[in-house]
Every structure is written in structure tokens, then in C-alpha cells.
Amino acid sequence: MMSTTDDSFTVNHEPINIPKTSLREKWWHIMDSWKIGIIPLPLFLLAGALIAIDCLGGKLPSDIVVMVATLAFFGFPCADMVSAATNTRWLV
């Protein structure tokens, strides 16, 4: 005859001490792991917002810094899409 009770499982009532991650550690995890090309996602979103604001204002400055940011904003996503589509992730 088989028993229907199972006492092989015991409950441990001691609290588990899981270290909480600070806001600073979460922020740097996002900056290190979420990227578009080589640009971290928060900086990519900031650059996109600034480019959109300048374009909606009707005048995108022609400074070298703005042009580099604009080229990076449009270039890295295109490179990511191409490398994902052609399965050549090692190039980017």
C-alpha cells in the first residue's frame, strides 16, 4: 500500500537575505547592458529627443558635435538591423 502523505519536503522558516540593488547599481546595469550599437540606451534616447526637438524647431545646428550625434543616432541602429538580419552579429 502507498501512503498519500509526503514528508520529504520540509519548510525552512529562516528569512533569506537577498541583497537589494541600489538605484545606482540598477542605473549602471542599464548603461552597461542595454545598448544600440555602442551607445547606451539612455544616451541614445536622450540624443533622439534632442535631435527631434531641434528638427521640430526647424533648425538643426550644423556644429560638428551635433552632426556626429545625428550620424551615430541613425547609423548604429541601421548597423544593428543589418547585422541581425544577416546573422553577422560579430561585425558590430
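Test of understanding: among 26, 59, 35, which residue is at pLDDT 80 or above, over 23 Å from the mean Cα position of the chain (by Cα) and among the basic types (Lys, Arg)?
Values: 26 fails: over 23 Å from the mean Cα position of the chain (by Cα); 35 fails: over 23 Å from the mean Cα position of the chain (by Cα).
Checking each option against the conditions leaves just 59.
Looking at region 26-69, which of its residues are touching a helix residue (DSSP H, G or I) at 6+ places or on another chain (Cβ under 6 Å) and surrounded by fewer than 13 Cβ atoms within 10 Å (Cβ to Cβ)?
The answer is 34, and nothing else.
The values are calculated or read from the model by the stated rules, or taken from the named source; none is laboratory data. As the structure is a computational prediction, the values presented were derived from the model and not from experiment. Note that we place each Cβ from the backbone using ideal geometry, even for glycine, and neighbour counts take in every protein chain shown.
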